[in-house]
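The values are calculated or read from the model by the stated rules, or taken from the named source; none is laboratory data. Computed from a predicted structure; not experimentally measured. We place every Cβ from the backbone using ideal geometry, glycine too, and count neighbours over all the protein chains shown. Note: accessible area is taken over every heavy atom of the protein model, side chains too, but ligands, DNA and RNA are not part of it. Shrake-Rupley method; radii C 1.70, N 1.55, O 1.52, S 1.80 Å.
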Amino acid sequence: MKLKIAVLPGDGIGPEIMEQGMKVMNAIGEKFGHEIETKEALCGAHAIDETGDPFPEDTFKTCMDADAVLFASVGDPKYDNNPNAKVRPEQGLLAMRKKLGLFANIRPVETFDCLIHKSPLKDELVKGADFICIRELTGGMYFGEKYEDNNKAYDTNYYTRPEIERILRVGYDYAMKRHKHLTVVDKANVLASSRLWRKVAQEVEKDYPEVITDYMFVDNAAMRMIQDPRFFDVIVTENTFGDILTDEGSCITGSMGLLPSASTGEHTPVFEPIHGSWPQAKGKNIANPLAQILSVAMLFEYFNLKKEGALIREAVNASLDQLVRTPEIQVEGGATYGTKEVGQWITDYIRKK
Ligand code: IPM
Ligand code: MN
């Protein structure tokens, strides 16, 4: 297969983990005879410095022209600490989502048995937890009308029926492929937007009689996720709730550095780790490259290249088993491996297979 990949390393640890993701992608390409053409483009703080725009037109064109985008992370403390900044790196990510029409963000929350001890939850609660959160990505408060002056500010949680219906259907399609259990998360006891979600969901539900649908308020869902994460199979929710719940979900697995995600919709799909740019670790060769590498697995799987995805997952599991791990998940007394070393080990494993 021929694949054109737009590569957006972004800021902070982004370029370091991207380098490892690309090594793995190229090794898979060589092994399975795929022609992978990559083109790098600017995004985030880096892009603001060079062009004044966190998602420059050139980058947009490169993305539109590609079969998939591999994205790392954006963000910089110089903007986080300045509420008056006119442009922010995160706007680059939001612009990318909006312009590519990426309304469905798929975030799998999987646990690795050998890392369960790193979870803040008790082993017996978290062992075997495996669910997918489908987050609506181009609507809600992120994109609704905003206002801000020195005395008042608001964000509008705006949703329309078609936006809700299409994301619910993505949720049902995943539920049909998994354990046929969908949890629709909202705040229908307080929010008008949530009541519309619930109304639409109750209609769409009828098209999927095999799926058990339950409706859960977001506060309750946040609690359930730490009390009984195995309850969930597929969660579908709006943009803001999904943002919050997936950070919670990622941390119960033991490390945020392990979870990849896919964003799909109208144009080129994007594959990226769910974690941020961790600026404090930049250049230190300590960031975990696994979420980036697993994002590459999701990319291949998206194109139905299942063996390719499976080999990446096998290599990642082998690295964990062999204790080739970055410091935050290493066992006591275990050897020190950096971002590069973990990436290289996984690449070599794929080459030798
Ligand atoms: C995420 C991130 C982004 C979001 C930020 C960086 C804008 O937290 O992908 O979850 O809030 O969507
Ligand atoms: Mn987030």
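Brief remarks on what is shown
- Residue count for segment 238-248, restricted to those that are open to solvent by less than 10 Å² (accessible area, probe 1.4 Å) and either touching a Lys or Arg at 6+ places or on another chain (Cβ under 6 Å) or within 11 Å of ligand 2 (Cβ to nearest atom) (or both): 4.
- Some residue of segment 90-103 being among the aromatic types (Phe, Trp, Tyr), over 18 Å from the mean Cα position of the chain (by Cα) and open to solvent by 10 Å² or more (accessible area, probe 1.4 Å): no
- Filtered residues of segment 145-162 (kept if more than 24 Å from PHE103 (Cβ to Cβ) and surrounded by 10 or more Cβ atoms within 10 Å (Cβ to Cβ)): GLU148
- Checking ALA310 against (1) in a loop (DSSP other than H, G, I, E, B); (2) open to solvent by 40 Å² or more (accessible area, probe 1.4 Å); (3) among the aliphatic types (A, V, I, L, M), the condition it does not meet: (1)
- The lone criterion from (1) more than 16 Å from ligand 2 (Cβ to nearest atom); (2) crowded, with 21+ Cβ neighbours inside 10 Å; (3) part of a helix (DSSP H, G or I) left unmet by PRO54 is number (3).
- Number of the exception - GLU110 against (1) open to solvent by less than 60 Å² (accessible area, probe 1.4 Å); (2) more than 16 Å from ligand 1 (Cβ to nearest atom); (3) under 18 Å from LEU259 (Cβ atoms): (1)
- Applying the condition of being of a type in the set (Asp, Glu) and over 15 Å from ARG107 (Cα atoms) to segment 165-202 and asking which residue is most open to solvent (accessible area, probe 1.4 Å) yields GLU165.
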